[in-house]
Each structure stands twice: as structure tokens, then as C-alpha cells.
1. Plugging the Kirkwood radius over Cα pairs into Stokes-Einstein for the stretch 9-85, at a temperature of 4 °C and a viscosity of 1.567 mPa s, what D comes out in µm²/s?
2. Principal axes first, then extents: for the Cα atoms of the stretch 73-169, list largest minus smallest coordinate on each axis, whole Å, largest first.
3. How much space per residue, in cubic angstrom, does the convex hull of the C-alpha atoms of the stretch 1-146 take up?
4. Points 7 angstrom from Cα along the Cβ direction at Val40 and Glu95: gap in nanometres?
5. For the stretch 4-66, which GluC sites (Glu not before Pro) pass both filters: DSSP loop (anything but H, G, I, E, B) and at most 14 other C-beta atoms within 10 Å?
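Read-outs throughout are calculated quantities, based only on the coordinates presented, and are distinct from any laboratory measurement. The shown structure was predicted, so the numbers you read here are calculated from the model rather than taken from an experiment. Note that we place each Cβ from the backbone using ideal geometry, even for glycine, and neighbour counts take in every protein chain shown.
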Amino acid sequence: MSGGDELAVGEALERVAGLAEVLCAHPEVGPDVAELLDWVDAFHREGLGRLVEMIRAWRGEIFLEAVAADDVAGLLLAAYDLGEGAGDAAGEAVERALAEVRPLAGSHGGSIEVVGVDDGVVRVRLEGTCDGCPSAAATLTHGVEAALRRHWVSFRRLEVVAASPVDHGKDVLDCPVPAAASVTLPLPARRRPPAPAAPLLQIRGHELG
């Protein structure tokens, strides 16, 4: 591309996608290019997500609505399911993820309900035997978070709303806990099973703290 070349936004994005596809398929540099793109994507997702959260904290919904209407800035936020331009795909992905975990929780009288989905953050409430259960942390980490990372590429973090203190009276419950998934590399779509203290950025078996 020369200094005088100009492309419309859609054409530029098609060009970027085309170049990425060619480079990722290269037998020598393909894996490194895929990892580079993943890290750039992870950095953009977390950075933009924090920016949007700060704007909301200052009651900036009107500003976010204006950003969503912009043909470039709005497209960028929507690509990460951020701001007022995020569509229904985020909620649908979250429901698919929770559908994997709910039968496990329900098998011993518990449930996991979604309270809200905004800017890559999923807020849930534990109910029934799950609330206060000593095994809840493992269920959230290896069950809910892992499923969310598989189903929603824009997932940033999980928050539990109004959780009760650990009730050791529930130690006697035989609560099935999801096993940590094995890590496979170097598939770009895979994500490392989250550790209890999630790193800042996380992709394909790598993490930056």
C-alpha cells in the first residue's frame, strides 16, 4: 500500500482479513503470525473493555451511543461486543455456555443464573445449593469460565453477584466439579483453562500477568 492509497472501511477490513489468512497459512511463519494476531486481539479487547467501563462509570451512556453510531469507532467496539452497539450475539453465546454447566449444578439442587452481560463481563448469581458451596469456586473456574471462553470470544471476566459466605455445612454434599480441560496447542481458537486468579491477557495456552 502506497502513501496515497485510500480504502473505505469495509474494503480495508477485507484487505486485513485477506492478508491475515494468507500469512496464517504460511508453512514457516503461520503459527507465529496467528499468535501475534491473538495477542493484539487480546490487548485490544481488554483495553477497549476497560475504557468503556470507565466511560460508563462516569455516566457516559450518551457518549457511547454517539460512538456506536460512528461508522469506524462504532464498528471497532461492536467487534468486541462493547458499548451500546453490542448486539444479541453476546447474550446468545453466554446462554450456550451456561447451558453446558447448568445440568451439572442442577444435579445436586443448585443453579447459576445470568444477571447481566455488558462489555465482555458476565455477572451471575448462584442459587440453591450452589450458593455458599465450598466447591463453587472450582465450578465457576473450570465450568462457567471455561465454557464462556469457548463460546464467546469477547469474554473478559466473570463476576458473582451477592454471593453468600462459604457454608461448610455443605461439605457433606457430593457436588460434581468440572475437570480442568487439557491444554492443546497451537490451535488459535483454543484458550487455556482459566486459573483461579485470571491473568490480564490470556490466549491459546499463553498468559501475560
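1. 93 µm²/s
2. Ordered largest first, the stretch 73-169 gives principal extents of 51, 22, 17 Å.
3. On the way: hull volume 23.4 nm³, N = 146.
In the stretch 1-146, the Cα hull volume divided by residue count equals 160 Å³.
4. Simple spin-label model gives 3.5 nm for this pair.
5. On the way: sites: Glu6, Glu11, Glu14, Glu21, Glu28, Glu35, Glu46, Glu53, Glu61, Glu65; in loops: Glu6, Glu28.
Passing both the DSSP loop test and the Cβ count: Glu6, Glu28.
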